[in-house]
Amino acid sequence: MSLFSDFSILKFLANTVDILLVWFVIYKLITIVRGTKAVQLVKGIFVILLVKIISDTFHLQTLGWMMEQVLIWGFLAIAIIFQPELRRALEQLGRGRLFSRSGNQEGEDQEKMVEAIVKAVDYMAKRRIGALISVERETGMGDYIETGIPLESKISSELLINIFIPNTPLHDGAVILQKNTVAAAACYLPLSESPFISKELGTRHRAALGISEVTDSLTVIVSEETGSVSLTKNGELHRDLKSEAFKELLTNELIAKNNVKQTSSGRWNWRVKKNG
């Protein structure tokens with residue numbers, strides 16, 4: 001009896017680990033596709049599966065056959081359409097970086113990004129060069145990135161300054177920073193429709209508030225009229241920030257909070273390794 005009891009416990013533990021691993025993979029895939037075109041693709045697949053289930057339930061042979069063909073050839077089409085993304089994922093898997101990055105490397109990247117933003121904003125504020133810079137965080141901004149000109153460039157203060165120089169092709173619109181890169185420039189952001197916004201605020205401030213109302217992004221505004229620096233987050237507008245206050249706020253949001261997450265996850269990993 002004890003042998004069967006041990007076998008049942010082992011089977012239960014194996015099933016539990018199996019379910020947790022599947023949940024973890026699904027969760028990571030959702031975080032990868034969130035805010036991108038792939039979200040619509042996933043929705044389409046669910047619709048096709050739902051139609052297939054209905055056709056099988058009510059014995060709709062023609063519709064069922066059509067859905068079978070869509071499923072058979074659809075996966076081949078997906079592999080062709082998303083070939084670059086699949087190749088990149090396999091390369092990351094080969095390097096052991098599909099689901100995680102080095103905490104130290106990510107922290108260094110965040111510090112460099114903050115330094116580049118602060119330096120660029122200081123330069124533009126002194127010269128009253130208008131700017132709108134949005135930093136993606138947890139909520140994906142893929143739909144807004146697609147409205148602009150893709151860059152996929154490393155972040156640097158020189159690049160940010162050059163983009164917003166007046167009368168250049170990319171200066172009008174927002175720059176979106178994604179995963180420590182300049183993802184796109186000349187992007188369109190949704191304007192806030194809040195009736196409580198001051199009448200003296202222009203389109204840049206309304207766009208910054210608008211994107212902060214629908215995502216958790218941080219958005220920096222440099223006014224071309226006054227050279228003042230403002231920042232929006234979670235529907236809040238922090239106006240007329242001095243250089244030190246701006247740097248401190250940006251650091252707290254992008255580095256300090258990120259370090260807290262890394263510390264908590266690091267403790268969990270340490271415990272796992274210690275117990276293992």
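The values are calculated or read from the model by the stated rules, or taken from the named source; none is laboratory data. For clarity, every value in this text was computed on a predicted model and none was experimentally measured. Because the Cβ atoms are built from the backbone with ideal geometry, glycine has one as well, and the counts that use them run over all protein chains shown. Just so you know, the surface numbers come from the protein's heavy atoms only, side chains and all, with ligands and any DNA or RNA stripped out. Shrake-Rupley method; radii C 1.70, N 1.55, O 1.52, S 1.80 Å.
Residues checked against (1) within 21 Å of His205 (Cα to Cα); (2) modelled with pLDDT of 90 or more; (3) assigned by the TED database to the domain that holds Arg206; (4) not in a loop (DSSP other than H, G, I, E, B):
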| position | (1), (2), (3), (4) |
| --- | --- |
| Met113 | no, yes, yes, yes |
| Ala120 | yes, yes, yes, yes |
| Tyr123 | yes, yes, yes, yes |
| Tyr144 | yes, yes, yes, yes |
| Thr147 | yes, yes, yes, no |
| Leu160 | yes, yes, yes, yes |
| Ile165 | yes, yes, yes, no |
| Leu170 | yes, yes, yes, no |
| Ile176 | yes, yes, yes, yes |
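Would you call Gly107 surrounded by 13 or more Cβ atoms within 10 Å (Cβ to Cβ) and modelled with pLDDT of 85 or more? So Gly107 fails the test. Within the option set Val17, Val47, Val39, Val25, being modelled with pLDDT of 80 or more, within 30 Å of Pro150 (Cα to Cα) and not assigned by the TED database to the domain that holds Glu138 holds for one residue only, Val25. Before we move on, is Thr168 under 15 Å from the mean Cα position of the chain (by Cα), surrounded by fewer than 22 Cβ atoms within 10 Å (Cβ to Cβ) and farther than 18 Å from Ser212 by Cα? So Thr168 fails the test.
Looking at the range 191-212, which of the residues that are open to solvent by 40 Å² or more (accessible area, probe 1.4 Å) and at pLDDT 90 or above is farthest from Lys247 (Cα to Cα)? Full working, then the answer.
As a first pass, look at the range 191-212 and keep what is open to solvent by 40 Å² or more (accessible area, probe 1.4 Å): 191, 193, 195-196, 198-200, 203-204, 206.
Adding the requirement that they be at pLDDT 90 or above leaves 191, 203-204, 206.
On the way: Leu191: 26, Thr203: 24, Arg204: 20, Arg206: 22 Å.
Out of the qualifying residues, it is Leu191.
Within the range 181-188, is even one residue over 23 Å from the mean Cα position of the chain (by Cα), outside any loop (DSSP other than H, G, I, E, B) and over 18 Å from Lys112 (Cβ atoms)? No, the range 181-188 contains no residue that is over 23 Å from the mean Cα position of the chain (by Cα), outside any loop (DSSP other than H, G, I, E, B) and over 18 Å from Lys112 (Cβ atoms).
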